[in-house]
Amino acid sequence: MIWIAIFGSAVATFLVRSLPFAVTIRGRLPGGASRYLEALPVAIIAALVGPAVVAPASALTHGAEPVAAALVIATVAWRRSLLAGVIVGVVAVALLRMI
Amino acid sequence: MGEGWPVLGTTLVVGTTFGVVARQSGLQPLEIAGMSIFVFAGASQFAMVQLLSEKAPTAIVIASVLFINLRHLLMATSLRAQVQALPLVGRLVAAFFLTDESFAMATGHFRRGGRSLAYYFVFAVSLYVLWNLATLAGVAIGGAIGDPRRFGVDFAITATFIGIVVLAIRRPADIVIAIAAALVAGGLALAGASTIAVITAGALAPLIAVFARR
């Protein structure tokens, strides 16, 4: 099953990358459609974040994850560095879970 | 090519992180390597790991990857003029290696008046090789760490997602969309809703952008 997910995802990814290179589409996307496509990755990834922060391991958080998430947001917004954010998040969660 | 070093460095770190969290989630080394070899898409690979560890249905995993990567339609469309001279096989090879990073670097190169596609191919293929090597390094490290919750390693994937979202925000509407998607998805998960409902909430949130004035 996992290999079906991997190959299915590979095909899906290759399709969206190759379609505009392989075929010529006349005309332009309507503005609404292109605004939707531009905002989609942020929304999908945020939708994956929400459950992981409020209900990690399918149970209500004890508070470590939301606090660490806020620290990650602040760090990345300030330093513009993904790496700095991940380090701060992992260290914060490890410390907060000990409390 | 010199301006590409920060991108290559980030790829190395994020690829290693991916290998670590994927291994920690219980996926087999061959499956993890397969993701980096065949899918080759950073954020979607992290999403796959999370969804597979939640035992999400295969169709939902594939649909989420498709949603996350739909933006490549826009990127490829904007690069089309530059690759038009290539034969179909060359264009398909160029498409396989298209990522946010190679798109950004190529766009910068062409905007500065560059014409050479060699720049794109060298950079894009370097990213691919580096991403795969980093994945393998991460798999090796992840296998050696032991219990992920002890060091907060399980949170690395969430922190990576948060960072990706923060860095991707361009307009005020993006912030509204991100918060709305995260809150609704979190609420749904707490209420015991399925992963399908959570991903659907994410796919609907960008409608805010469609109707937002600016």
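The values are calculated or read from the model by the stated rules, or taken from the named source; none is laboratory data. Just so it is clear, the model here is predicted, and its values are computed rather than measured. A quick note on method: Cβ atoms are made from the backbone with ideal geometry, for glycine too, and the neighbour counts reach across all protein chains shown.
Among all residues of region B:114-127, there is at least one that is of a type outside the set (D, E, K, R) and within 16 Å of the chain's Cα centre (by Cα). Answer yes if at least one residue in region B:39-56 is in the same structural domain as B:I164 (by TED's automatic domain parsing), farther than 25 Å from B:A185 by Cβ and either under 16 Å from the mean Cα position of the chain (by Cα) or not hydrophobic (A, V, I, L, M, F, W, C) (or both), and no otherwise. Yes, there is a match, as at least one residue in region B:39-56 is in the same structural domain as B:I164 (by TED's automatic domain parsing), farther than 25 Å from B:A185 by Cβ and either under 16 Å from the mean Cα position of the chain (by Cα) or not hydrophobic (A, V, I, L, M, F, W, C) (or both). In region B:174-183, the condition of being away from every other protein chain (no Cβ under 12 Å), modelled with pLDDT of 85 or more and exposed (fewer than 15 other Cβ atoms within 10 Å of the Cβ) is met by no residue. Of a type in the set (A, V, I, L, M, F, W, C), farther than 30 Å from A:M98 by Cβ and surrounded by fewer than 18 Cβ atoms within 10 Å (Cβ to Cβ) - does that describe any residue in region B:155-167? No, region B:155-167 has no match at all. Is it fair to say B:A118 is surrounded by fewer than 18 Cβ atoms within 10 Å (Cβ to Cβ), modelled with pLDDT of 95 or more and not β-branched (V, I, T)? Answer is no for this residue.
Considering B:A41, B:A22, the condition of being out of contact with any Leu (no Cβ under 7 Å at 6 or more places or on another chain), at the interface with another protein chain (Cβ under 9 Å from one of its Cβ atoms) and either crowded, with 21+ Cβ neighbours inside 10 Å or in contact (Cβ under 8 Å) with a residue 60 or more places away in the chain (or both) is satisfied by B:A41 alone. Take the conditions (1) at pLDDT below 90; (2) within 19 Å of B:T107 (Cα to Cα); (3) surrounded by fewer than 23 Cβ atoms within 10 Å (Cβ to Cβ); (4) not hydrophobic (A, V, I, L, M, F, W, C); B:H72 misses just one of them, which is (3).
Count of region A:33-83 residues, restricted to those that are of a type in the set (V, I, T) and in a loop (DSSP other than H, G, I, E, B), is 1. Using the structure shown, decide if B:S36 is touching a residue at least 60 places away in the same chain (Cβ under 8 Å), polar (S, T, N, Q) and in contact with a Gly (Cβ under 8 Å, 6 or more places away or on another chain). Against the criterion (touching a residue at least 60 places away in the same chain (Cβ under 8 Å), polar (S, T, N, Q) and in contact with a Gly (Cβ under 8 Å, 6 or more places away or on another chain)), B:S36 qualifies.
Those helices (runs of 4 or more DSSP H) of region B:145-214 in which at least 1 residues are within 19 Å of the chain's Cα centre (by Cα), considering only elements entirely within it, cover B:156-168, B:172-190, B:195-204. Screening A:G85 on (1) on the phi > 0 side of the Ramachandran plot; (2) at pLDDT 85 or above; (3) not aliphatic (A, V, I, L, M) shows it passes everything except condition (1). Does B:L92 fit the bill of being in the same structural domain as B:F38 (by TED's automatic domain parsing), closer than 23 Å to A:V11 by Cβ and either exposed (fewer than 14 other Cβ atoms within 10 Å of the Cβ) or modelled with pLDDT of 90 or more (or both)? In short, yes.
The condition of being closer than 19 Å to B:Q28 by Cβ and either in contact (Cβ under 8 Å) with a residue 24 or more places away in the chain or more than 9 Å from chain A (Cβ to nearest Cβ) (or both) holds for only one of B:V139, B:V89, B:V125, that being B:V139. Filtering region B:29-76 to residues that are touching a helix residue (DSSP H, G or I) at 6+ places or on another chain (Cβ under 7 Å) and in a loop (DSSP other than H, G, I, E, B) leaves B:F40, B:A41, B:E54, B:A56, B:L70. Within region A:27-45, can one find any residue that is in contact with a helix residue (DSSP H, G or I) (Cβ under 9 Å, 6 or more places away or on another chain), farther than 24 Å from B:L98 by Cβ and among the charged types (D, E, K, R)? So far as region A:27-45 goes, no, none of its residues is in contact with a helix residue (DSSP H, G or I) (Cβ under 9 Å, 6 or more places away or on another chain), farther than 24 Å from B:L98 by Cβ and among the charged types (D, E, K, R).
Residue-wise test of (1) within 8 Å of another protein chain (Cβ to nearest Cβ); (2) surrounded by 23 or more Cβ atoms within 10 Å (Cβ to Cβ).
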{"position": "A:F14", "(1), (2)": "yes, no"}
{"position": "A:R35", "(1), (2)": "yes, no"}
{"position": "A:A43", "(1), (2)": "yes, yes"}
{"position": "A:V53", "(1), (2)": "yes, yes"}
{"position": "A:A57", "(1), (2)": "no, no"}
{"position": "A:L60", "(1), (2)": "yes, no"}
